[in-house]
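Notes follow once the structure below has been shown.
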Amino acid sequence: MVVSAISYQLLQNKADPGDFIFVEEWMTDSAINAHFTSAHVQDAFSKAASLLAKEPDICRYVVIE
């Protein structure tokens, strides 16, 4: 199954250049769940662990209309 985000942006904190945030929009919770459990994302997380100052803080939000 191929899953893709509707949109995503990588943002960098102007006051702290070592602080980044991804803002991603997904069609469904199952799509993001499939993305996070995919082999390439799991591989990226394991390789990135030694490069990160701390573990990623992953939060989910909902657009209020």
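Coordinate-derived values only; no laboratory data. What you see is a predicted model, and the numbers here were worked out from it, not measured in a lab. Here the Cβ is made from the backbone with ideal geometry for all residues, glycine too, and neighbour counts use every protein chain on show.
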Subject >> In sequence order, calculated HN-Hα J values of region 25-40 (Karplus, 6.51, -1.76, 1.60; Hz; x Gly/Pro) >> reply: 10, 10, 5, 9, 4, 5, 5, 5, 4, 5, 4, 5, 9, 5, 4, 5
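Return the loop-located chymotrypsin sites (Phe, Trp or Tyr not before Pro) in region 26-65 (DSSP other than H, G, I, E, B) with at most 16 other Cβ atoms within 10 Å of their own Cβ; answer none if there are none.
Details: sites: 26, 36, 45, 61; in loops: 26, 61.
The qualifying sites are 61.
Return the FRET efficiency for the residue pair residue 49, residue 12: r is the Cβ-Cβ distance, R0 is 22 Å, and the value is rounded to the nearest 0.05.
Working: r = 20 Å, r/R0 = 0.92.
The value I calculate is 0.60.
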**OP:** Take the Cα atoms of the chain, find their three principal axes, and give me the spread along each one in whole Å, biggest first.
**Re:** 34, 34, 15
**OP:** Would you calculate, for the chain, the mean residue ellipticity at 222 nm contributed by helices, counting each DSSP H stretch of 4 or more residues as -39,500 (n - 2.57) and dividing by all residues, to the nearest 500?
**Re:** -8500 deg cm²/dmol
**OP:** Taking the dipole about the Cα centre of the chain, with the C-beta of Lys and Arg at +1 and of Asp and Glu at -1, give me whichever of 8, 44, 20 is farthest to the positive side.
**Re:** 44
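For the chain, state which trypsin sites (Lys or Arg not before Pro) are in a DSSP loop and have at most 15 other beta carbons lying within 10 Å of their beta carbon.
Values: sites: 14, 47, 54, 60; in loops: 14, 54, 60.
When the trypsin sites (Lys or Arg not before Pro) of the chain are filtered for loop state and at most 15 Cβ neighbours within 10 Å, 14, 54, 60 remain.
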